[in-house]
Structure formats: structure tokens, C-alpha cells
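Report on the structure given below.
The values are calculated or read from the model by the stated rules, or taken from the named source; none is laboratory data. These numbers were taken from a predicted model, which means no experiment stands behind them. Cβ: placed from backbone, ideal geometry, glycine included. Neighbour counts: every protein chain shown.
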Amino acid sequence: MRIQTINLSKSYTKRAGADVEILKNIRIDIASGQKVAFTGPSGAGKSTLIHILGLMDRPTLGKALIDGKDCFALSDSFLCAMRKENIGFMFQFHYLLSDFTVLENILIPVWNDKKKFAARSQELLEKTGLTHRKNHFPSELSGGEQQRAALARALINSPKIIFADEPTGNLDRETGEAIEELLLNSAAENKATLVLVTHNEELAAKTDVQIKMKDGKIICDKT
Ligand SMILES: Nc1ncnc2c1ncn2[C@@H]1O[C@H](COP(=O)(O)OP(=O)(O)OP(=O)(O)O)[C@@H](O)[C@H]1O
Ligand SMILES: [Mg+2]
């Protein structure tokens, strides 16, 4: 699916009263099936931007279009359905639910239809090497295992857009590479659009387009 933004801006009102602009007039156009990496220093606004593109947060101004649909002009139930059917999101800090097992966490995005996703969840447990951990709780997993569970959860609905915020952050090289491979292969298999945020130059180099951000702006767009 294609993702476009038109003059997208986001600001927060700080306690002192002044607005702080976190994203400034962001214009992007990501073609369907394209793999894109956002890079840039800490605080540049990368997570804020992909949370908006993943329809989990709203811009203050401007538009985000998915396959031409002006998402934030549509109802909350549209946003919800769009997320459920088409979007997979791997968070910067995996956000696994501590009272749910690995298998249950993977099924969270499709909880109301979880029976239909039994085979898919088993397939993802195998792909992520977590079958033997499926009945364990997140606190019983290593960092890399938690990251892999978060990836499986992002892929449960075979999304047409995959967002991954620092998917290989804090992982050793080998585990990081296994996650990278899974992400890139899953996107390719499903002809999904892949939007990554990463500080890892090697991973960024494996995508079609690298977009550098600084101070809430896009400063360089390289294909
Ligand atoms: N809820 C909020 N209220 C106020 N300011 C916020 C809020 N969320 C984020 N910010 C600010 O927005 C800026 C951008 O944050 P963001 O998390 O998007 O950065 P990032 O580029 O993802 O950084 P990192 O590489 O460290 O993850 C930061 O200065 C942060 O303090
Ligand atoms: Mg971030």
C-alpha cells in the first residue's frame, strides 16, 4: 500500500504554554511494496512520525494518505479497521503485555478472531524460533526473544504495511541479523510496504530509500 503525507506537522503544548513543534511540514511518498528506512539523531521525531503513519497518533496539521485515503479525515472506526487489517507495528520498546504468554501476545492484534489465526501463530512461532517459549511470559525471555515475539505480533495479520521502530536496537549482531532477515523476507513475501526506523547503517542500506531526519524535518532523501 502507498503512504503519502502532505505538510504533516505535530506539536505538543508544554506545561509552560509554548508549543513545541516535533514534526514540521513532512512530505513523503512511499510507493506500495517499497522498503524505506528513516534515520537521524535521537529526538529527531522518527518515532513520532511512524506512530502517526501507523495511525496510532494524530498529526496537529496536514494529511496522511494510505492508498489515497485521507486517513485522519475518516472516523475512528475506519482507523481501527485499517490498523487491524493492513498494519503491523513493531515498537521501539517492544511493549509485550506482561500477564500474557508469548503465544497470547502474538495473538493480541487479532484477539477477537484468534481461533482463525491459530495456524498463522504457530507458523510465526516457528519462524521466530519461539515455539519452545510459547507458554512463557515476557519476563522469562531474553531481550532478543522479546524482540522476536514483538516481530511475530507485528506480522500476525500478514500486514500490507509493516512498521518497525529500531527492530535491531540493543541486540547482538547475530540476533539482529535474524530479525532483519525475517522482516525483509516477510515484507517481500507479502509484497508489503516496509517502513523502518534504525540507527543501524547496514540495515538502512538494505532498503530502497533512506530518509534522514533532524529536528522534525526531512533533511535528505536518498534512493
Ligand atoms: N508526548 C509527548 N509530549 C511532549 N513531547 C514529546 C512527546 N513525545 C515525544 N516528544 C518529543 O518529541 C521529540 C521527538 O521524539 P521521538 O520519540 O519522535 O524521537 P526519535 O527520533 O524517535 O528519537 P530516538 O532515536 O531517541 O528514539 C523529542 O524531543 C521528545 O521529547
Ligand atoms: Mg524513537
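Entry remark, region 184-209: residues being surrounded by 20 or more Cβ atoms within 10 Å (Cβ to Cβ), more than 16 Å from ligand 2 (Cβ to nearest atom) and within 11 Å of Ala37 (Cβ to Cβ) number 2 in total. Can you find even one residue in region 28-37 that is within 14 Å of ligand 2 (Cβ to nearest atom) and either out of contact with any Phe, Trp or Tyr (no Cβ under 6 Å at 6 or more places or on another chain) or without any contact (Cβ under 8 Å) to a residue 12 or more places away in the chain (or both)? Taking every residue of region 28-37 in turn, at least one turns out to be within 14 Å of ligand 2 (Cβ to nearest atom) and either out of contact with any Phe, Trp or Tyr (no Cβ under 6 Å at 6 or more places or on another chain) or without any contact (Cβ under 8 Å) to a residue 12 or more places away in the chain (or both). Any chance region 111-125 includes a residue that's buried (at least 20 other Cβ atoms within 10 Å of the Cβ) and either under 16 Å from the mean Cα position of the chain (by Cα) or over 23 Å from Met82 (Cα atoms) (or both)? Yes, some residue in region 111-125 is buried (at least 20 other Cβ atoms within 10 Å of the Cβ) and either under 16 Å from the mean Cα position of the chain (by Cα) or over 23 Å from Met82 (Cα atoms) (or both).
Yes or no: Ser98 of a type in the set (S, T, N, Q) and at pLDDT 95 or above? Against the criterion (of a type in the set (S, T, N, Q) and at pLDDT 95 or above), Ser98 qualifies. Residue count for region 97-119 satisfying the condition of being part of a loop (DSSP other than H, G, I, E, B) and of a type in the set (Phe, Trp, Tyr): 1. When Met90 is tested against the conditions (1) touching a strand residue (DSSP E or B) at 6+ places or on another chain (Cβ under 6 Å); (2) more than 21 Å from Leu194 (Cβ to Cβ), the lone failure is (2). Could we say that Glu85 is of a type in the set (D, E, K, R), more than 19 Å from the chain's Cα centre (by Cα) and either under 30 Å from Asp19 (Cα atoms) or more than 16 Å from ligand 1 (Cβ to nearest atom) (or both) here? No; evaluated as a whole, the condition is false for this residue. Hey, does region 148-165 have a residue that's surrounded by fewer than 15 Cβ atoms within 10 Å (Cβ to Cβ), at pLDDT below 95 and assigned to a helix (DSSP H, G or I)? No, every residue in region 148-165 fails to be surrounded by fewer than 15 Cβ atoms within 10 Å (Cβ to Cβ), at pLDDT below 95 and assigned to a helix (DSSP H, G or I).
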